[in-house]
Amino acid sequence: MPLVKAIIEVLDDDAVDPLRGLLKFIPVQFNPTEYGLEKSAQIAEIGIPGIDSPILQFIRGQNEKLTLDLFFDTTELGMSEAAVDVRLLTTPIYQLVKIQPRTHAPPRIRFFWGTLVFKAIVESVRQTFTLFNPLGLPLRATLSLTFREYKTLEEQLAELNLQSSDHTKRRSVRRGDTLAGIAAEEYQDPREWRRIADANASTLPDVRRLVPGTVLAIPPLDVRGAARRAA
């Protein structure tokens, strides 16, 4: 079976600059021996007096992270004065965490290795040199990288396929309900109460006093518009 080499592709063409060492496709010299994937969620604790533990509320997801080490070595070309500086191989990767002149930001990248395809921004690079020739030229290095997942708003909404507020629903008013409270439950945003009020104008003579048992239509939420407002 042929060996599949890992490759880093720079997605922002304006950031590619061979004179600065930043290439469009950056092959690794040796594939990593392992990699790690990490994903977490931001959770808020809601303290309520008199109960045993706080109520947990999901706030938002966190970016997935890919971590790995890459090894580089030029000793096969000798260790004399004519030895090759290993930084010629590591500089293209080290450039991925730096602000680029034409984009004013580190470039977006895509890491390929077999079935692993990870679109990201390089969050950190730690470069460790472990072998030198008699003149102090580095010949061996290990790069520890952390990639932070990058997805556009449209990509995330398409993947989530949110159902809870995408379709018109109906619910009965309970004693003590308010439109802001209902909006908070249905849309996770009490500011959307006006959307419910407008959709039920004919059945709500007073939006400040809801009659228990009244059936309300809960219209679909434009999640893209809500996300833009939140930003």
Quiz item: Is it true that some residue in the stretch 47-60 is closer than 25 Å to P138 by Cβ and of a type in the set (V, I, T)?
Solution: no
Practice problem: Among residues belonging to the stretch 64-86 that are outside any loop (DSSP other than H, G, I, E, B), at pLDDT below 95 and not acidic (D, E), point out the one that is nearest to the chain's Cα centre (by Cα). | Solution: T75
Quiz item: For the stretch 24-46, which residues satisfy the criterion of being within 22 Å of D69 (Cβ to Cβ), of a type in the set (D, E, K, R) and surrounded by 10 or more Cβ atoms within 10 Å (Cβ to Cβ)?
Solution: E38, K39
Quiz item: Among the residues of the stretch 19-30, is there at least one that is in the same structural domain as L131 (by TED's automatic domain parsing), in a loop (DSSP other than H, G, I, E, B), of a type in the set (A, V, I, L, M) and modelled with pLDDT of 90 or more?
Solution: yes
Practice problem: Scan the stretch 81-92 for residues that are surrounded by 12 or more Cβ atoms within 10 Å (Cβ to Cβ) and either without any contact (Cβ under 8 Å) to a residue 24 or more places away in the chain or among the charged types (D, E, K, R) (or both) and report the count. | Solution: 2
Exercise. Mind listing whichever residues of the stretch 17-46 are touching a residue at least 24 places away in the same chain (Cβ under 8 Å) and within 18 Å of T90 (Cα to Cα)?
Key: D17, R20, G21, L22, L23, I26, V28, Q29, F30, N31, P32, T33
Quiz item: So which pairs qualify, if the first residue must be in the stretch 129-154 and more than 14 Å from K119 (Cβ to Cβ) and in the same structural domain as E64 (by TED's automatic domain parsing), the second must be assigned to a loop (DSSP other than H, G, I, E, B) and hydroxyl-bearing (S, T, Y), the Cβ gap must be under 8 Å, and the two must be at least 6 apart or on different chains?
Solution: N133/S80; L139/T74; R140/T74
Quiz item: With V10, V97, V4, V16 as the choices, which residue is surrounded by 12 or more Cβ atoms within 10 Å (Cβ to Cβ) and more than 22 Å from the chain's Cα centre (by Cα)?
Solution: V16
Quiz prompt | Unmet criterion (only one of (1) in contact with a helix residue (DSSP H, G or I) (Cβ under 7 Å, 6 or more places away or on another chain); (2) under 27 Å from Y150 (Cα atoms); (3) of a type in the set (V, I, T)) for I121 | solution = (1)
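Table: residues versus (1) among the polar types (S, T, N, Q); (2) surrounded by 13 or more Cβ atoms within 10 Å (Cβ to Cβ).
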position	(1), (2)
M79	no, yes
S124	yes, no
T146	yes, yes
S172	yes, no
Practice problem: Output the qualifying pairs, or none if there are none: Cβ atoms under 8 angstrom, residues six or more apart or on different chains, first residue in the stretch 103-124 and farther than 12 Å from D14 by Cβ, second residue part of a loop (DSSP other than H, G, I, E, B) and aromatic (F, W, Y). | Solution: K119/Y150; A120/Y150; I121/Y150
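Got at least one residue in the stretch 155-164 being within 31 Å of the chain's Cα centre (by Cα), within 30 Å of P92 (Cβ to Cβ) and not assigned by TED's automatic domain parsing to the domain that holds L96?
Checked the stretch 155-164: at least one residue is within 31 Å of the chain's Cα centre (by Cα), within 30 Å of P92 (Cβ to Cβ) and not assigned by TED's automatic domain parsing to the domain that holds L96.
The values are calculated or read from the model by the stated rules, or taken from the named source; none is laboratory data. Predicted, not measured: the structure shown is a model, and the values here were computed from it. Every residue, glycine as well, gets a Cβ built from its backbone with ideal geometry; the counts of neighbours run over all protein chains shown.
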